[in-house]
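The values are calculated or read from the model by the stated rules, or taken from the named source; none is laboratory data. Computed from a predicted structure; not experimentally measured. Every residue, glycine among them, receives a Cβ derived from its backbone with ideal geometry; neighbour counts consider all protein chains shown.
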Amino acid sequence: MLVLAGCNGYGHRQFQTGPPVDDWFDVEVDDFGQLWHSEQQSAALDRIKASIAETNTIVVAFAHGWHHNAHTDNQNRTEFKKAVEQVRATLAAPAYIAAREGLGAGKSVRVIGIYLGWRGRSLPGLLDYATFWGRKAAAERVGQGAVREFVLRLNEIYKEANAKDSPRFMGLVFLGHSFGGQVLHRATASVFEDDLVRRDQTIARVMALGAGQERRLAEIPPVSSVGDLVILINPALEAMQFNRIHDLYRQRSYPLTQTPVLTVFSGEADTARQRLFPIGRWFSSLLRPPFRDQRQRDEWLLALGEAEHQRTHTLELNADATPIEWDPQRYCEQVVPMDFTNPRTNVGGALLAPDPRAPHIPYSPVLVAYSGQEIIGAHSGIWEPSFRNFLVDYVALIEGKRLCLRAIAIRALTQRLPNR
């Protein structure tokens, strides 16, 4: 205990103190959930505002997990930089350039990476494995503190940029791994839950009107959350935190215009969440009332993605399948009808398919996918090429569909307006 007490301040500092470089930003938060320096946040937000005034812009933000921080040599930081470069290369492919140009959005797109750093490592060496409870609590504080404010500020910029009738677009994607998934879930879940509730109440009112239901239902906008998409990978948060979203989104059907806004990817080789996480949760259950049933027990003890009743999809390698051949002149015709809950095609060398044991909801805003170890190897195997290739292509497709839907909506609005 004396050793642990002596390490209370270990790693509790800001790591990145220099100016941002090449559309890459670090935003660091301390153990109390407060920004180390607000200048980091301001620099990122100012750059994004300037970028969307100039060109198409996609922002990708990543919250790291346990045992990591914002040190220059940290593996998560290094690998995320590589992933951002891969997104840039993918969106620079001829098919994407031609599609953007054909929609009047212009050829160029700027990809901005944001690394959300916090004190995921709080003890040296193997001692850090004794910090499960402390780091989980810290992740919750970080997620409901300055990170939440930063996420909401980003979302306001995103909504304002995409509300304009300019053909240029802004994309916004969040990724969180391990306890970084806890950070993002704390920061974003209530926004998503609120929109699910509003949509459910709107549908109920329309259904009660009787005549003209179909037209009115078609006018209800898709469910939204924060940005375009929140992706949780091997998230280290209990399945119970996902319970409300699980129950809410399964109550309704969704239109063709709906794209996923929350996806969870877990790997069967993740023994850390399968074994260590339930042990940590079991100790926290000792002072709780008895569980009402097995489902409640599972949701309390198991990590999100490990509770089988919440799973919706499988993710497997599918290198033999032929990927889609995109026709730049017909890109929107091809991508808009796609149901990303059941793509039926090779995406980055993998096949995402509905789990046959779960009721399938076409065009669902939520996916909880379970993968074999050949795609996500172990708890920290999220940077392996098999998974990264899938994820980059999957996100690019979703962004492509959202760009097309926005262009179609702007075109329809323009046609309705009187000549000026």
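Here Val87 clears all of (1) closer than 20 Å to Phe390 by Cβ; (2) in contact with a Pro (Cβ under 8 Å, 6 or more places away or on another chain) except the condition numbered (2). Checking Asp270, Asp247 one by one, the residue that is more than 30 Å from Ala98 (Cα to Cα) and surrounded by 15 or more Cβ atoms within 10 Å (Cβ to Cβ) is Asp270 and no other. The set of residues in region 55-74 being touching a residue at least 24 places away in the same chain (Cβ under 8 Å) and surrounded by fewer than 18 Cβ atoms within 10 Å (Cβ to Cβ) consists of Thr55, His71, Thr72. Residues in region 116-152 that are at pLDDT 90 or above and polar (S, T, N, Q): 1 in all.
Kindly indicate whether any position in region 345-353 is among the β-branched types (Val, Ile, Thr), part of a helix (DSSP H, G or I) and modelled with pLDDT of 85 or more.
Quick first cut of region 345-353, residues among the β-branched types (Val, Ile, Thr) only: 345, 347.
Among the residues that remain, those that are also part of a helix (DSSP H, G or I) are: none.
No.
Go through Arg292, Arg275, Arg252 for me and flag whichever is out of contact with any Phe, Trp or Tyr (no Cβ under 6 Å at 6 or more places or on another chain) and surrounded by 13 or more Cβ atoms within 10 Å (Cβ to Cβ).
Numbers: Arg292 fails: surrounded by 13 or more Cβ atoms within 10 Å (Cβ to Cβ); Arg275 fails: surrounded by 13 or more Cβ atoms within 10 Å (Cβ to Cβ).
Selected residue: Arg252, the only one of Arg292, Arg275, Arg252 that is out of contact with any Phe, Trp or Tyr (no Cβ under 6 Å at 6 or more places or on another chain) and surrounded by 13 or more Cβ atoms within 10 Å (Cβ to Cβ).
Picking from residues in region 372-400 that are of a type in the set (Asp, Glu) and not in a loop (DSSP other than H, G, I, E, B), the one that is farthest from the chain's Cα centre (by Cα) is Asp393. Quick one: would you say Val147 is of a type in the set (A, V, I, L, M, F, W, C), surrounded by 24 or more Cβ atoms within 10 Å (Cβ to Cβ) and in a helix (DSSP H, G or I)? Yes; evaluated as a whole, the condition is true for this residue. Looking across region 356-373, the residues that are more than 17 Å from Leu256 (Cβ to Cβ) and surrounded by 16 or more Cβ atoms within 10 Å (Cβ to Cβ) come down to Ala358, Val368, Ala369, Tyr370, Ser371, Gly372.
Give the residues of region 166-223 that are in contact with a strand residue (DSSP E or B) (Cβ under 7 Å, 6 or more places away or on another chain) and part of a helix (DSSP H, G or I), sorted by residue number.
If the condition is that a residue be in contact with a strand residue (DSSP E or B) (Cβ under 7 Å, 6 or more places away or on another chain) and part of a helix (DSSP H, G or I), then Gly180, Gly181, Val183, Leu184, His185, Thr188, Val191, Phe192, Asp195 are the ones that fit.
The helices (runs of 4 or more DSSP H) found wholly in region 226-310 and carrying at least 1 residues that are under 16 Å from Gly180 (Cα atoms) and touching a residue at least 24 places away in the same chain (Cβ under 8 Å) occupy 277-285. Say we look at region 321-344 and pick out the residues that are part of a loop (DSSP other than H, G, I, E, B), of a type in the set (S, T, N, Q) and surrounded by 12 or more Cβ atoms within 10 Å (Cβ to Cβ); which of these is farthest from the chain's Cα centre (by Cα)? Ranking the candidates gives Asn342 first. Could you list, in sequence order, all residues of region 229-264 that are touching a Leu at 6+ places or on another chain (Cβ under 8 Å) and over 14 Å from Leu184 (Cα atoms)? If the condition is that a residue be touching a Leu at 6+ places or on another chain (Cβ under 8 Å) and over 14 Å from Leu184 (Cα atoms), then Ala239, Ile245, Leu248, Tyr249, Thr257, Thr259, Pro260 are the ones that fit. With the structure loaded, tell me whether Thr72 is hydroxyl-bearing (Ser, Thr, Tyr) and in a loop (DSSP other than H, G, I, E, B) or whether it fails that test. For Thr72, the condition - hydroxyl-bearing (Ser, Thr, Tyr) and in a loop (DSSP other than H, G, I, E, B) - is met. Scanning region 150-165 for residues that are of a type in the set (D, E, K, R), touching a residue at least 40 places away in the same chain (Cβ under 8 Å) and outside any loop (DSSP other than H, G, I, E, B) gives a single hit, Arg153.
No other residue among Gly33, Gly106, Gly65 is assigned to a loop (DSSP other than H, G, I, E, B), more than 24 Å from Leu184 (Cβ to Cβ) and small (Gly, Ala, Ser) apart from Gly106. Annotation for region 177-196: at least one member residue is out of contact with any Ser or Thr (no Cβ under 9 Å at 6 or more places or on another chain), free of Cβ contacts under 8 Å to residues at least 40 places away in the same chain and either surrounded by fewer than 24 Cβ atoms within 10 Å (Cβ to Cβ) or on the phi > 0 side of the Ramachandran plot (or both). Every listed requirement among (1) under 19 Å from Trp300 (Cβ atoms); (2) modelled with pLDDT of 90 or more is met by Leu276 save one, (2).
Selection of region 92-115 for residues being at pLDDT below 90, buried (at least 19 other Cβ atoms within 10 Å of the Cβ), within 24 Å of the chain's Cα centre (by Cα) and not basic (Lys, Arg) yields only Tyr96.
If Ala369 meets every condition in (1) assigned to a helix (DSSP H, G or I); (2) in contact with a His (Cβ under 6 Å, 6 or more places away or on another chain) apart from one, which number is that one? Failed condition: (1).
Quick check on Asp30: is it touching a helix residue (DSSP H, G or I) at 6+ places or on another chain (Cβ under 8 Å), crowded, with 16+ Cβ neighbours inside 10 Å and not polar (S, T, N, Q)? Explain how you work it out, then say what you get.
Details: touching a helix residue (DSSP H, G or I) at 6+ places or on another chain (Cβ under 8 Å): no; crowded, with 16+ Cβ neighbours inside 10 Å: yes; not polar (S, T, N, Q): yes.
No.
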